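The structure appears right after this line, and notes come after that.
The values are calculated or read from the model by the stated rules, or taken from the named source; none is laboratory data. Everything numeric in this text was worked out from a predicted model, so none of it was measured. Note: ideal-geometry Cβ built from the backbone for every residue, glycine included; neighbour counts use all protein chains shown. What goes into the accessible areas is simple: the full protein's heavy atoms, side chains included, and nothing from ligands, DNA or RNA. Shrake-Rupley method; radii C 1.70, N 1.55, O 1.52, S 1.80 Å.
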Amino acid sequence: MDIRKATISDLAEMQQLYIETIQSVCKNDYNPEQIEAWTYGVKNKERWIEVIEKQFVLLAIIGNQIAGFGTLKDGNYIDFFYIHKDFQRQGIADKILNELEIEARKHHSKIITSDISITAKPFFEKKGFAVKAEQKNIRLGVELINFKMEKEL
Ligand SMILES: CC(C)(COP(=O)(O)OP(=O)(O)OC[C@H]1O[C@@H](n2cnc3c(N)ncnc32)[C@H](O)[C@@H]1OP(=O)(O)O)[C@@H](O)C(=O)NCCC(=O)NCCS
């Protein structure tokens, strides 16, 4: 597995991975309406371009394929964090998160935070994150539960 920074040419594959991961990996935790509202975010092209241009975006590459990606905003906030449905439980999230934490430390950040799905919560707990709040977000009229989580660096 290689880790490298993303460029704008990776965007389409990242978006495909994002949709497929939510639809398959998160389907036991969110109903079809919620999955639809969540994946609708992929249509916000400007947001995604801004992520690539302004955030620290790491890809895990296996063969020629993106196996997962994670993004760090402002040196202390994990914005996107998704592992490909066919590459779950192979230590890829572990590797990406370690790299994001190294980057956060370079920014002298004291804490790293994120808004974490029900699906990803056990992984982040294992990695030392604590739940600060349960959140009910309304997207396209649908309620989506996630957790504000935080880790001291
Ligand atoms: C959560 C997620 C990022 C984990 O990715 P992953 O590459 O499969 O995780 P890793 O293989 O690095 O897991 C490392 C350890 O974390 C723990 N872990 C990972 N996923 C877990 C789960 N679903 N339940 C319990 N523990 C889990 C395990 O201890 C695991 O070690 P093990 O496999 O030896 O038991 C991945 O399942 C995912 O993409 N989920 C859906 C997307 C999502 O919700 N993203 C977050 C948006 S906020």
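Exactly one residue out of Gly128, Gly63, Gly41 is under 21 Å from Leu153 (Cβ atoms) and not hydroxyl-bearing (Ser, Thr, Tyr): that is Gly128.
Rundown of residues vs (1) more than 14 Å from Phe124 (Cα to Cα); (2) open to solvent by 40 Å² or more (accessible area, probe 1.4 Å), yes/no style:
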{"residue": "Leu59", "(1), (2)": "yes, no"}
{"residue": "Leu72", "(1), (2)": "yes, no"}
{"residue": "Phe80", "(1), (2)": "no, no"}
{"residue": "Arg89", "(1), (2)": "no, yes"}
{"residue": "Ile92", "(1), (2)": "no, no"}
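Being of a type outside the set (Lys, Arg), in contact with an Asp or Glu (Cβ under 9 Å, 6 or more places away or on another chain) and within 14 Å of the ligand (Cβ to nearest atom) holds for only one residue in Thr71, Thr39, Thr21, and it is Thr71. Just give me the residues in the stretch 1-27 being open to solvent by less than 20 Å² (accessible area, probe 1.4 Å) and touching a strand residue (DSSP E or B) at 6+ places or on another chain (Cβ under 8 Å), in sequence order. Selection gives Ala6, Asp10, Met14, Leu17, Tyr18, Thr21, Ile22, Cys26. Residues in the stretch 104-125 that are open to solvent by less than 60 Å² (accessible area, probe 1.4 Å), assigned to a helix (DSSP H, G or I) and more than 12 Å from the ligand (Cβ to nearest atom): Ala104 only. Looking only at residues in the stretch 45-57 that are away from the ligand (no atom under 16 Å from the Cβ) and open to solvent by 50 Å² or more (accessible area, probe 1.4 Å), the one that is nearest to Lys73 (Cα to Cα) is Lys54.
Scanning the stretch 126-137 for residues that are closer than 15 Å to Glu101 by Cβ and either open to solvent by 60 Å² or more (accessible area, probe 1.4 Å) or assigned to a helix (DSSP H, G or I) (or both) returns a single hit, Lys126.
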